[in-house]
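The values are calculated or read from the model by the stated rules, or taken from the named source; none is laboratory data. Everything numeric here is computed off the predicted structure, so don't read it as measured data. Cβ: placed from backbone, ideal geometry, glycine included. Neighbour counts: every protein chain shown.
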Amino acid sequence: MAQRLKTDWTLFFTILALVCFGLVMVYSSSSQIAKVKFHVSDWYFVVKQLGWAIFSFIVLLWCKRSDYRRWNTPKVAFAGIGIVLLLLLVVYVTDGNTHRWLHAGIFSVQPSEFAKPALALFLAYFLPRRLGAINDKYTLLPIALSICAIAFFVAVADLGTAVVLVVMTIVVMFAAGLDYRFLAATAAMGLFLGLVFIAMKPYRLNRAIDFVDPQHHLLTMLDPGGHVLKYAKQTASTSDPGYQQRQAKIAVGSGGLVGVGLMEGKQKMLFLPEAHTDFIYAVIGEETGFLGSAALLAGFVIVLWRGFRLYWFANDDFGRYLALSVTSCIVVQALINMSVVLDMIPNKGIPLPLVSYGGSSLLSTLLLLGMLLSVSEHAA
């Protein structure tokens with residue numbers, strides 16, 4: 001009998017270090033805005049984040065102790081997808097402004113975040129049963145319907161999370177042996193639908209235009225009447241959609257090699273919007289410099305390494321594909337967030353896993369990592 005794998009302490013302490021570092025940076029990036037903008041204690045955001053961190057770690061430990069093979073059932077795989085779709089529909093009806101938040105008393109959760117563990121479990125359950133016929137229509141159709149349904153409801157309000165879900169699915173399907181023709185068709189369809197969802201929301205289109213054609217030279221040639229630009233700017237919250245990313249680059253550039261020091265950053269003083277959420281990586285770059293930013297990136301590289309290690313060495317296909325789904329989901333989201341902050345891709349609100357302020361994101365990420373640790377704990 002193969003030796004049972006023990007807890008992956010390298011992964012566990014990396015997760016713990018990232019969460020603790022995130023709490024420090026949430027306080028550093030939110031203390032001023034809490035007092036000046038929201039007129040609350042400078043500890044307001046970090047205390048809330050700490051509460052979510054404690055609860056989320058309890059969930060992680062429960063998942064870690066649970067045998068992941070118990071989740072390899074149609075009840076878990078399909079129930080998770082169904083519950084998330086139901087919650088997304090409820091949110092769409094009840095949250096008429098952003099279609100993102102489900103409010104329950106003093107708590108608010110973002111159901112789109114929980115599409116990630118639900119889809120990871122579904123892929124891990126379904127794919128091993130169809131590995132011999134991965135390119136068959138009876139394999140591709142259920143996966144296509146599932147990911148399209150989830151991505152559609154998520155993308156209505158949260159395009160960034162929808163992109164993460166689609167990329168995660170493509171990575172897992174590629175590893176399972178999906179034919180290159182289908183990969184190309186999937187990429188083309190994903191690009192087309194992405195453009196459709198961008199065009200559906202004027203503020204998204206405004207950001208995309210600013211990134212691709214900031215001076216509007218090409219757009220003026222293609223649309224001399226200015227109809228597209230007029231549509232794109234009709235609900236824009238700012239006349240300068242590239243403002244956040246420029247301020248983020250100023251912050252990162254100011255950090256130099258070792259940074260200006262914790263709590264000493266200037267861009268978080270209301271110059272950089274969302275400094276404690278989607279753009280916290282810019283504050284990290286300013287206050288801890290290149291070394292701190294590189295250390296944070298190294299933490300996600302460790303997650304990638306340990307997750308792919310489990311994908312290669314776990315002896316059951318459900319555990320292998322669960323590890324791959326979880327790892328690709330977290331790493332892809334981290335890379336997207338960092339790329340937005342560094343102005344490498346158009347701006348899209350998406351948190352940095354384990355680090356950004358946000359209870360739903362932290363709970364979802366630690367739930368995913370609890371599943372990953374369970375594979376390490378119990379894989380035979």
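Go through Ala314, Ala232 for me and flag whichever is surrounded by 17 or more Cβ atoms within 10 Å (Cβ to Cβ), farther than 25 Å from Gln333 by Cβ and out of contact with any Asp or Glu (no Cβ under 7 Å at 6 or more places or on another chain). Spell out how you get there, then give the answer.
Values: Ala314 fails: farther than 25 Å from Gln333 by Cβ.
Going through Ala314, Ala232 in turn, just one is surrounded by 17 or more Cβ atoms within 10 Å (Cβ to Cβ), farther than 25 Å from Gln333 by Cβ and out of contact with any Asp or Glu (no Cβ under 7 Å at 6 or more places or on another chain): Ala232.
Right, Leu362: in contact with a Cys (Cβ under 8 Å, 6 or more places away or on another chain), within 18 Å of Ala53 (Cβ to Cβ), hydrophobic (A, V, I, L, M, F, W, C) and modelled with pLDDT of 95 or more or not?
Values: in contact with a Cys (Cβ under 8 Å, 6 or more places away or on another chain): no; within 18 Å of Ala53 (Cβ to Cβ): yes; hydrophobic (A, V, I, L, M, F, W, C): yes; modelled with pLDDT of 95 or more: yes.
No: the conditions fail for Leu362.
The rows are residues; the columns are (1) in a helix (DSSP H, G or I); (2) in contact (Cβ under 8 Å) with a residue 24 or more places away in the chain; (3) surrounded by fewer than 16 Cβ atoms within 10 Å (Cβ to Cβ).
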position	(1), (2), (3)
Leu85	yes, yes, no
Leu127	yes, yes, no
Asn135	no, yes, yes
Thr139	yes, no, no
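Tally time: how many residues in the stretch 245-285 are in a loop (DSSP other than H, G, I, E, B) and among the hydroxyl-bearing types (Ser, Thr, Tyr)?
So the first thing to find is which residues in the stretch 245-285 are in a loop (DSSP other than H, G, I, E, B), and the list is 256-279.
Retained after the next criterion (residues that are among the hydroxyl-bearing types (Ser, Thr, Tyr)): 277.
Final tally of qualifying residues: 1.
Would it be correct to say that Thr220 is within 30 Å of Val91 (Cα to Cα) and part of a helix (DSSP H, G or I)?
Working: within 30 Å of Val91 (Cα to Cα): no; part of a helix (DSSP H, G or I): yes.
So Thr220 fails the test.
Which count do you get for residues in the stretch 211-226 that are under 16 Å from Pro241 (Cα atoms) and exposed (fewer than 10 other Cβ atoms within 10 Å of the Cβ)?
Count: 1.
Quick grid of which residues meet (1) among the hydrophobic types (A, V, I, L, M, F, W, C); (2) surrounded by fewer than 23 Cβ atoms within 10 Å (Cβ to Cβ):
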{"position": "His99", "(1), (2)": "no, yes"}
{"position": "Ala104", "(1), (2)": "yes, yes"}
{"position": "Gly132", "(1), (2)": "no, yes"}
{"position": "Ala149", "(1), (2)": "yes, yes"}
{"position": "Thr161", "(1), (2)": "no, no"}
{"position": "Val164", "(1), (2)": "yes, no"}
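Is it true that Ser328 is under 20 Å from Leu165 (Cα atoms), surrounded by 21 or more Cβ atoms within 10 Å (Cβ to Cβ) and out of contact with any strand residue (DSSP E or B) (no Cβ under 9 Å at 6 or more places or on another chain)? Outline the logic, then answer.
On the way: under 20 Å from Leu165 (Cα atoms): yes; surrounded by 21 or more Cβ atoms within 10 Å (Cβ to Cβ): yes; out of contact with any strand residue (DSSP E or B) (no Cβ under 9 Å at 6 or more places or on another chain): yes.
Criteria met by Ser328.
Among the residues of the stretch 108-131, write down those that are among the small types (Gly, Ala, Ser) and more than 12 Å from Cys329 (Cα to Cα). Quick ask: steps written out before the conclusion?
From the stretch 108-131, those among the small types (Gly, Ala, Ser) are 108, 112, 115, 118, 120, 124; that's our starting set.
Of everything in the stretch 108-131, those that are among the small types (Gly, Ala, Ser) and more than 12 Å from Cys329 (Cα to Cα) turn out to be Ser108, Ser112, Ala124.
Residue pairs, Cβ under 7 Å, 6 or more apart or interchain, first in the stretch 314-339 and farther than 13 Å from Met371 by Cα and in a helix (DSSP H, G or I), second at pLDDT 95 or above and hydroxyl-bearing (Ser, Thr, Tyr). List them.
Asn337/Tyr281; Met338/Tyr281
What number of residues within the stretch 253-283 satisfy the criterion of being in contact with a Ser or Thr (Cβ under 8 Å, 6 or more places away or on another chain), touching a residue at least 24 places away in the same chain (Cβ under 8 Å) and surrounded by fewer than 23 Cβ atoms within 10 Å (Cβ to Cβ)? If you could, list the steps in order and put the result at the bottom.
First, pick out the residues of the stretch 253-283 that are in contact with a Ser or Thr (Cβ under 8 Å, 6 or more places away or on another chain): 255, 258-260, 262-263, 265-268, 275-278, 280-281, 283.
Filter again for touching a residue at least 24 places away in the same chain (Cβ under 8 Å), leaving 255, 258-260, 262-263, 265, 268, 275-278, 280-281, 283.
Then keep just the ones that are surrounded by fewer than 23 Cβ atoms within 10 Å (Cβ to Cβ); that gives 258-260, 262-263, 277.
Residues in the stretch 253-283 being in contact with a Ser or Thr (Cβ under 8 Å, 6 or more places away or on another chain), touching a residue at least 24 places away in the same chain (Cβ under 8 Å) and surrounded by fewer than 23 Cβ atoms within 10 Å (Cβ to Cβ): 6 in total.
Under 9 Å by Cβ, and 6 or more places apart or on different chains, what pairs join a residue from the stretch 348-375 that is more than 24 Å from Asp316 (Cα to Cα) with one that is assigned to a loop (DSSP other than H, G, I, E, B) and of a type in the set (Gly, Ala, Ser)?
Pairs found: Ile350/Ser356; Pro351/Gly358; Leu362/Ser356.
Give the stretch 33-53 a look and list any residue that's crowded, with 18+ Cβ neighbours inside 10 Å and of a type in the set (Gly, Ala, Ser), or say none.
Ala34, Ala53
I'd like the full set of residues that are over 11 Å from Ala282 (Cβ atoms) and among the β-branched types (Val, Ile, Thr), limited to the stretch 219-270. Quick ask: steps written out before the conclusion?
Step one: list which residues in the stretch 219-270 are over 11 Å from Ala282 (Cβ atoms), which gives 219-243, 256-264, 266, 269-270.
If the condition is that a residue be over 11 Å from Ala282 (Cβ atoms) and among the β-branched types (Val, Ile, Thr), then Thr220, Val228, Thr235, Thr238, Val258, Val260 are the ones that fit.
Can you tell me how many residues in the stretch 60-75 are in contact (Cβ under 8 Å) with a residue 24 or more places away in the chain, exposed (fewer than 15 other Cβ atoms within 10 Å of the Cβ) and not in a loop (DSSP other than H, G, I, E, B)? Give the derivation first.
So in the stretch 60-75, the residues in contact (Cβ under 8 Å) with a residue 24 or more places away in the chain come out as 60-69, 71-74.
Next, from what is left, pick out any that are exposed (fewer than 15 other Cβ atoms within 10 Å of the Cβ): 61-62, 65, 67, 73-74.
Still in the running and not in a loop (DSSP other than H, G, I, E, B): 61-62, 65, 74.
Counting residues in the stretch 60-75 that are in contact (Cβ under 8 Å) with a residue 24 or more places away in the chain, exposed (fewer than 15 other Cβ atoms within 10 Å of the Cβ) and not in a loop (DSSP other than H, G, I, E, B) gives 4.
Would you point out which residue out of Thr186, Thr161, Thr169 is within 30 Å of Arg309 (Cβ to Cβ), at pLDDT below 80, among the hydroxyl-bearing types (Ser, Thr, Tyr) and part of a helix (DSSP H, G or I)?
Details: Thr161 fails: at pLDDT below 80; Thr169 fails: at pLDDT below 80.
Thr186 is the lone residue from the list that is within 30 Å of Arg309 (Cβ to Cβ), at pLDDT below 80, among the hydroxyl-bearing types (Ser, Thr, Tyr) and part of a helix (DSSP H, G or I).
Go over the candidates Ser56, Ser30 one by one and state the one that is polar (S, T, N, Q), farther than 30 Å from Phe153 by Cα and surrounded by 13 or more Cβ atoms within 10 Å (Cβ to Cβ). Lay out the reasoning, then the answer.
Numbers: Ser56 fails: farther than 30 Å from Phe153 by Cα.
Matching residue, one of Ser56, Ser30: Ser30.
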